[in-house]
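Student: For reference, the structure I am asking about is given below.
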Amino acid sequence: MSEVKISAATRTEFGKGAARRIRRESKVPGVLYGHGSDPLHLTLPGHELLMALRTPNVLIALDIDGKTELAIPKSVQRDPLKGFLEHVDLLLVKRGERVNVDVFVQTEGELAPGGFLLEHVLNALPVEAEATHIPESVTVSIEGLAAGDSILAKDITLPKGTTLAVEEDAVVLQVLAAQAEEAPEGEEAVEGEAAEA
């Protein structure tokens, strides 16, 4: 996992007005917290942060007034209509420290023939990993699975140094039989009457 370096500035203005001014300058207000330290209010460059957040569980090396701090995104708020970043909460981490994160579950292969449906019971798998070696995703083979088959958390091969942070028997994926939709009774008669009229 690579680190993304971002320069950040501390900020002393708070509230909606200050946040709007920061966003007008194409920057994003944020807070860095963790390890029992006081929260540090930051202003981050909008475009660089947006690009960094495209990588799941990205490790960010923040340059704050000449001092480098490592952080992972904990909460990201986006504008619901336009999608731009409104605010970000960053969790302070140290090299060698283990953190709990959610890792996306990707699938490969084809289900058995027969029109089966794959249900993602968990879209992301809770794991514990070293802060500088967080996997972006895990890949699971669904080759040949049929209705009634499921993949449990313990069935997923995790990268070295990563452990489950969920029950081993938790269902991650399950295969369902596709059900044909039947028209409610009486609907055909109504359609026939409309055709005659």
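Student: So if each residue of separation counts as 0.36 nm, and I subtract the Cα-Cα distance between Asp169 and Ala146, what length gain in nm does that give?
Tutor: Details: separation 23, 0.36 × 23 = 8.28 nm, distance 1.93 nm.
Result for the pair: 6.4 nm of gain on full extension.
Student: For the pair Ser137 and Phe104, how long in nm is the line joining their label points, each one 7 Å along Cα→Cβ?
Tutor: Result: 0.5 nm between the two label points.
Student: I'd like to know which of Gly66, Ala177, Val4 lies farthest towards the positive end of the charge dipole of the chain, counting +1 on Cβ of Lys and Arg and -1 on Cβ of Asp and Glu.
Tutor: The Cα lying farthest towards the positive end belongs to Gly66.
Student: Can you classify region 68-112 as rounded, prolate or oblate using the Cα gyration tensor, where a ≥ b ≥ c are the square roots of its eigenvalues, rounded means a/c under 1.5, and otherwise it's prolate if a/b beats b/c and oblate if not? Mind dumping the intermediate values first?
Tutor: Numbers: a/c = 3.92, a/b = 1.23, b/c = 3.19.
Judged from the Cα gyration tensor, region 68-112 comes out oblate (a/c at least 1.5, b/c at or above a/b).
Student: Now for a different question. Which of rounded, prolate, oblate describes region 75-180, given a ≥ b ≥ c as roots of the alpha-carbon gyration tensor eigenvalues and a/c under 1.5 marking rounded, otherwise prolate only if a/b is larger than b/c?
Tutor: On the way: a/c = 2.91, a/b = 1.50, b/c = 1.94.
Oblate is the answer for region 75-180, as a/c is 1.5 or above yet b/c matches or exceeds a/b.
Student: Run the helix sum for the chain: -39,500 (n - 2.57) per DSSP H stretch of 4+ residues, divided by residue count, reported at 222 nm to the nearest 500 deg cm²/dmol.
Tutor: On the way: 3 runs with 26 residues, N = 197.
Value at 222 nm, helices only: -3500 deg cm²/dmol.
Student: Filter Lys27/Lys94; Lys27/Lys74; Lys5/Lys67; Lys67/Lys160; Lys5/Lys94 down to the pairs with a C-alpha to C-alpha distance above 20 Å, please. Before the final figure, lay out the partial values.
Tutor: Details: Lys27/Lys94 26 Å; Lys27/Lys74 18 Å; Lys5/Lys67 12 Å; Lys67/Lys160 31 Å; Lys5/Lys94 15 Å.
Pairs exceeding 20 Å: Lys27/Lys94; Lys67/Lys160.
Student: Now for a different question. Rounded to a whole number, what % of the accessible area of the chain do carbon and sulfur atoms account for, probe 1.4 Å?
Tutor: Working: 5940 of 12160 Å².
Of all accessible area on the chain, carbon and sulfur atoms account for 49 percent.
Student: Just the number please: accessible area per residue for the chain, 1.4 Å probe, all protein chains included, in Å².
Tutor: Values: 12160 Å² over 197 residues.
Heavy-atom SASA per residue in the chain reads 62 Å².
Student: Just to be sure I understand, if you calculate Rg and Dmax of the Cα atoms in Å for this structure, which of (i) 23.6, 89; (ii) 23.6, 81; (iii) 18.0, 59 do you get?
Tutor: Entry (ii).
Student: What does the charge dipole of the chain about its Cα centre add up to, to the nearest 20 debye, if the Cβ of each Lys and Arg holds +1 and the Cβ of each Asp and Glu holds -1?
Tutor: The calculated dipole for the chain is roughly 2160 debye.
Student: Among Gly46, Gly15, Gly115, which one moves the most in a GNM of the chain with springs linking Cα atoms closer than 10 Å?
Tutor: Residue with maximal mean-square fluctuation among Gly46, Gly15, Gly115: Gly15.
Student: From the square roots a ≥ b ≥ c of the eigenvalues of the alpha-carbon gyration tensor of region 1-90, which class results: rounded (a/c under 1.5), prolate (a/b over b/c), or oblate? Mind showing how you got there, number by number?
Tutor: On the way: a/c = 1.60, a/b = 1.15, b/c = 1.39.
Oblate, because a/c is 1.5 or more while a/b does not exceed b/c.
Student: Amide H of Leu111 versus every other amide H placed in the peptide plane: which residues, excluding those fewer than 5 positions away on the same chain, fall under 5 Å?
Tutor: Counting only residues 5 or more places away or on other chains, the set is Gly144.
Student: Please state the charge dipole magnitude for region 49-127, taken about the Cα centre, from unit charges on C-beta atoms (+1 on K and R, -1 on D and E), reported in debye and rounded to the nearest 20.
Tutor: Details: 8 positive and 11 negative charges, 44 e Å.
It works out to roughly 220 debye.
Student: Output the 0 to 90 degree angle, nearest 10, between the alpha-carbon long axis of helix 187-196 and the longest principal axis computed from the alpha carbons of the chain.
Tutor: That works out to roughly 70 degrees.
Student: Now a separate question. Could you give the longest part of the chain that holds none of the GluC sites (Glu not before Pro) found in DSSP loops with at most 14 neighbouring Cβ atoms within 10 Å? Each step should come with its number before you reach the end.
Tutor: Values: sites that count: Glu13, Glu25, Glu97, Glu110, Glu136, Glu143, Glu167, Glu168, Glu181, Glu182, Glu185.
It works out to 26-96.
Student: If you don't mind, there's one more thing I want to ask. Go ahead and set up a Gaussian network model of the chain, Cα springs under 10 Å, then flag whichever of Ser141, Ser150, Ser37 fluctuates most.
Tutor: Among Ser141, Ser150, Ser37, the largest mean-square fluctuation in the Gaussian network model of the chain belongs to Ser37.
Student: What residues have an amide H closer than 5 Å to that of Val121, excluding those fewer than 5 places away on the same chain, when H is modeled at 1.01 Å from N in the peptide plane?
Tutor: Those lying under 5 Å, H to H, from Val121 are Leu173, Gln174.
Student: Post the alpha-carbon centroid distance, region 105-125 to region 22-59, in whole angstrom.
Tutor: Distance between centres, Cα-based: 34 Å.
The values are calculated or read from the model by the stated rules, or taken from the named source; none is laboratory data. Bear in mind that the values here come from a model prediction, so they are computed numbers and not experimental data. FYI the Cβ positions are ideal-geometry reconstructions off the backbone, even for glycines, and counts take in every protein chain you see. We work out accessible area using only protein heavy atoms, side chains counted, and drop any ligands, DNA or RNA first. Shrake-Rupley method; radii C 1.70, N 1.55, O 1.52, S 1.80 Å.
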